[in-house]
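The values are calculated or read from the model by the stated rules, or taken from the named source; none is laboratory data. The model shown is predicted, which means the values in this text are computed figures rather than measured ones. Positions of Cβ are backbone-derived with ideal geometry, glycine not excepted, and every protein chain shown enters the neighbour counts. Heads up: the accessible areas ignore ligands, DNA and RNA and are worked out on the full protein's heavy atoms, side chains in. Shrake-Rupley method; radii C 1.70, N 1.55, O 1.52, S 1.80 Å.
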Amino acid sequence: PYDTPQGFFLLAIDHREPAERPAYELVQSQFAEIVRQRKIRQHMSTAMVGLRDAYNGRVEPGAAARMFQLMTPARIGDAIVPELSADDRAEVLARWDGGRFTVGDAFDDLAQPDVPKPPAAMSPAIEQWVESRMITRIAREEAKRRRLGEEPAVARRIRGEYERYLLESEFQTSI
């Protein structure tokens, strides 16, 4: 039996065929690339958590619930994104040493086509999105502090990474 939202289904297997495994030599480079990408993602994740901790970054309690509340009208039918008051825009969602991320910043980011959007119906995903936007701002502050944008080779590499990030974000949202 197979349980689905529409009820149970019974499946019968007529026959099985063993899957053919390609020769290791044919897929070795693909495996190496997968391992390399995982290591890069792990390293980046560790670095971003370290950066967040170094700046004492934190998402404010209730930030995800507040964003959920503000984003909900835009999810219903053809409703437009609500017009925010100055007080709403100034409400702090996340803080770190030397900065803050506000509701206004969040809605400005949501209006950018190159910024990945959180699922508006999932508070944990919204909180994770707020944290990622905070970490992005912390990383920019750290890059400015280190004057990384002033070195031509670093500036070229940053542009390349940014373009790769945009492509990856687009790929992830289209899946």
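In contact (Cβ under 8 Å) with a residue 40 or more places away in the chain, surrounded by 10 or more Cβ atoms within 10 Å (Cβ to Cβ) and not hydrophobic (A, V, I, L, M, F, W, C): does that describe GLY57? The answer is yes for GLY57.
Of the numbered criteria (1) loosely packed, with under 13 Cβ neighbours inside 10 Å; (2) within 30 Å of TYR165 (Cβ to Cβ); (3) not small (Gly, Ala, Ser), the one TRP96 fails is (1). Looking across region 117-129 at every residue that is part of a helix (DSSP H, G or I) and more than 18 Å from LEU166 (Cα to Cα), the one that is least open to solvent (accessible area, probe 1.4 Å) is identified as ILE126. Condition first: in a helix (DSSP H, G or I), small (Gly, Ala, Ser) and in contact with a Leu (Cβ under 8 Å, 6 or more places away or on another chain). Can you find one or more residues in region 131-143 that meet it? Yes, region 131-143 has at least one match.
Residues in region 130-171 that are of a type in the set (Asp, Glu), open to solvent by 50 Å² or more (accessible area, probe 1.4 Å) and under 23 Å from the mean Cα position of the chain (by Cα): GLU131, GLU141, GLU161, GLU163, GLU168, GLU170. Against the definition (in contact with a strand residue (DSSP E or B) (Cβ under 7 Å, 6 or more places away or on another chain) and over 26 Å from VAL130 (Cβ atoms)), how does PHE9 come out, yes or no? Yes, satisfied.
Restricting MET48, MET44 to residues that are in contact (Cβ under 8 Å) with a residue 12 or more places away in the chain and of a type outside the set (D, E, K, R) narrows the list to MET48. When residues in region 73-85 are screened for being modelled with pLDDT of 75 or more and open to solvent by less than 80 Å² (accessible area, probe 1.4 Å), 2 of them pass.
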